[in-house]
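A.B. asks: Can you keep this structure in mind? I'll have questions shortly.
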Amino acid sequence: MKFGKKSALALMLAGLTAVSITGFGCAKTENYPEYEDNKSMWIGGWDVPINTKEDYKMAKDMGLTHMFIDGIFAERGSEEYKQQLRYCEEVGLKAIVGMDTSLDNTAGVQLDETDYSSFPAVDMINVWDEPYGNVFEDCAKRIDRLNEIYDNNMTLYVNQSPYNPLSATTLTDNETFLNKVYDELLSKMPGRKIFSTDVYPLLESYGSYELDTGWLSKMEAYANFTKKYRSEGAEFHMFIQSYSDGGRRDILSKDDLTFQVYTDMAFGINGFTYFTYRKSFLGGFGGGCVENDVSCKPTEVYYWAQETNEAINKFDHVYLSFDWNGVMGVNGKNNVADDPEYENASFMNLATPLKELDCAKSVSATEDTIIGQFKDKDGRDGLMVTNFSEPTTGLRDVVSFEFKKANRAIVYRNGERKIYEVKKNKLDLKLACGEGVFVIPVNV
């Protein structure tokens, strides 16, 4: 039960199915679409907590659904390692068992052939992290072997490098790399086929904060491939920056997290993982949601992540009832007023941006805004609308829609559902910095 919401929220939403709207001298009852609460965003943590039940419970209490279990605190296959899987089961976390194999595997890590299927918490096997193209053959052999061990009944996972490496010295383009990923790796996996990568977009350069301008175009490529193979079980997962290193800045507020999550959701993600959950032992790494040297010691990021996860948890079943089919970048009027030739650099890198929205005649915004377009099974439109201002600027955004045919809008803000009146097909939405909303325009 996610944050204890299931039964209580179902009753509350059932009460919202028929809403009484007063005005124009009378009251009338209006019916709105409802979505069954049977889908959940999977929310992971990378870098396992200290190996106690209390530390695993703290991870669960942050709102995580999954934990990547590597061999940092216990050797894979050992009794101590298996205890981590038992802790996951006891606190209600799902485990993603790591093979501790990455990049071109210069460390020569061998496949762990332990059968972990007897542990109820185990949900996936993390076969390889960011393999280069020249080791795909080895990775594919491991996938085949794991399919044998688990009789094709285990979800297998490979995180893909954002740099599209064919080798340690050769890179390629998104399409070539992702075609190779699907044909040689994901197509071998039964059931779920997870396109997954990590772009950590919050940067610091010479004392100023900026965004990675390749972030959106990378997600666009992954979203398009997920859409292409959706009928084959494809889904999309992203990592969220909750750490810092030489070029990536500290997480300074909850806005830094919500900005990333809501932006990623504009590209149709099915899940996301905090990198890192525990502060890393690697030199130069900062941040993380809990400390690495003291049991059950959360950082500020922990509480910001907890609030973020709780908000997502309240409406993920609605969002996941829609399929992504495109994204649009809207240059902010305030930026264009200052420079008539202004174009957001991240938007310029998009390869297949939408020129218009199916449900709207026009859309404008005072600040740079990213909008993901979605459809539910009945063809109803959904929009993920995110203020794309760098989150430390504090810039507030007003996004203005002229819909083709709508007199109401269902808006999920901070997880809470509200009904907005749409007059003459027009709606203005105010977004704080780091904020995103999910909008369903309707005509009732």
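A.B. asks: Using only Cα atoms and rounding to the nearest 10 degrees, what angle (0 to 90) does helix 6-16 make with the longest principal axis of the chain?
C.D. replies: 10 degrees
A.B. asks: Could you rank the peptides 271-277, 398-404, 191-197 by their average count of other C-beta atoms within 10 Å per residue, with the highest value first?
C.D. replies: 271-277, 191-197, 398-404
A.B. asks: In degrees, nearest 10, range 0 to 90: what is the angle between the Cα axis of helix 79-91 and the longest Cα principal axis of the chain?
C.D. replies: With both axes taken from Cα atoms, the answer is about 20 degrees.
A.B. asks: What is the packing order of peptides 232-243, 141-152, 102-113, taking the mean over residues of other C-beta atoms within 10 Å and listing the highest first? Mind dumping the intermediate values first?
C.D. replies: Working: 232-243: 21.7, 141-152: 15.5, 102-113: 13.8.
Ranking, from highest mean packing down: 232-243, 141-152, 102-113.
A.B. asks: A follow-up question, please. Classify segment 122-169 from the C-alpha gyration tensor, please: rounded if a/c falls under 1.5, else prolate or oblate depending on whether a/b exceeds b/c.
C.D. replies: Because a/c hits 1.5 or more and a/b fails to exceed b/c, segment 122-169 counts as oblate.
A.B. asks: Let me ask something else. Stokes-Einstein diffusion coefficient for segment 207-272 at 4 °C in a medium of 1.567 mPa s, Rh from the Kirkwood formula over Cα pairs: what value in µm²/s?
C.D. replies: The calculation lands on 99 µm²/s.
A.B. asks: I'd like the orientation of helix 215-228 relative to the chain: the angle between its Cα long axis and the longest Cα principal axis, in ° from 0 to 90, rounded to 10.
C.D. replies: The angle comes out at about 90 degrees.
A.B. asks: What is the distance, in nm, between label points placed 7 Å from the Cα along the Cα-to-Cβ direction at THR393 and at LYS426?
C.D. replies: Going by the 7 Å Cα→Cβ label model, 2.5 nm.
A.B. asks: Leaving out ligands and nucleic acids, and using a 1.4 Å probe, what accessible area per residue does the chain come to in Å²?
C.D. replies: 42 Å²
A.B. asks: What does the net charge come to around ASN407 if you take all other residues with beta carbon closer than 11 Å to its beta carbon, with K and R at +1 and D and E at -1? Before the final figure, lay out the partial values.
C.D. replies: Values: positive: LYS405, ARG408, LYS423, LYS424, LYS426; negative: GLU30, GLU421.
Charge balance in the 11 Å sphere: +3.
A.B. asks: While we're here: Return the label of the correct value of volume of the Cα convex hull per residue in Å³, as calculated from the structure shown, out of (i) 150; (ii) 228; (iii) 165.
C.D. replies: Computed from these coordinates, volume of the Cα convex hull per residue in Å³ corresponds to label (i).
A.B. asks: Calculate for the chain the 222 nm mean residue ellipticity that helices alone would give, adding -39,500 (n - 2.57) per DSSP H run of length 4 or more and normalising by residue count, nearest 500 deg cm²/dmol.
C.D. replies: Calculated from helices alone, the mean residue ellipticity at 222 nm is -8000 deg cm²/dmol.
A.B. asks: Quick one: grab the alpha carbon gyration tensor of segment 322-444, order the square roots of its eigenvalues as a ≥ b ≥ c, and give me rounded if a/c is under 1.5, else prolate or oblate depending on whether a/b is larger than b/c.
C.D. replies: Prolate, because a/c is 1.5 or more and a/b exceeds b/c.
A.B. asks: Please state the shape class of segment 144-285: rounded when a/c is under 1.5, otherwise prolate if a/b exceeds b/c and oblate if not, all from the C-alpha gyration tensor.
C.D. replies: Prolate is the answer for segment 144-285, as a/c is 1.5 or above and a/b outweighs b/c.
A.B. asks: What order do you get for 85-91, 337-343 when each peptide is scored by the mean count of other beta carbon atoms within 10 Å, highest first?
C.D. replies: Highest to lowest by the protection proxy: 85-91, 337-343.
A.B. asks: Another question about this same structure. Using a 1.4 angstrom probe on heavy atoms only, work out the carbon and sulfur share of the accessible area of the chain in %.
C.D. replies: Summing carbon and sulfur atoms, their accessible area is 47 percent of the total for the chain.
The values are calculated or read from the model by the stated rules, or taken from the named source; none is laboratory data. Nothing here was measured: the structure is a model prediction, and the numbers come from that model. Neighbour counts run over all protein chains shown; Cβ positions are idealised from the backbone, glycine included. Accessible surface areas use protein heavy atoms only, side chains included; no ligands, DNA or RNA. Shrake-Rupley method; radii C 1.70, N 1.55, O 1.52, S 1.80 Å.
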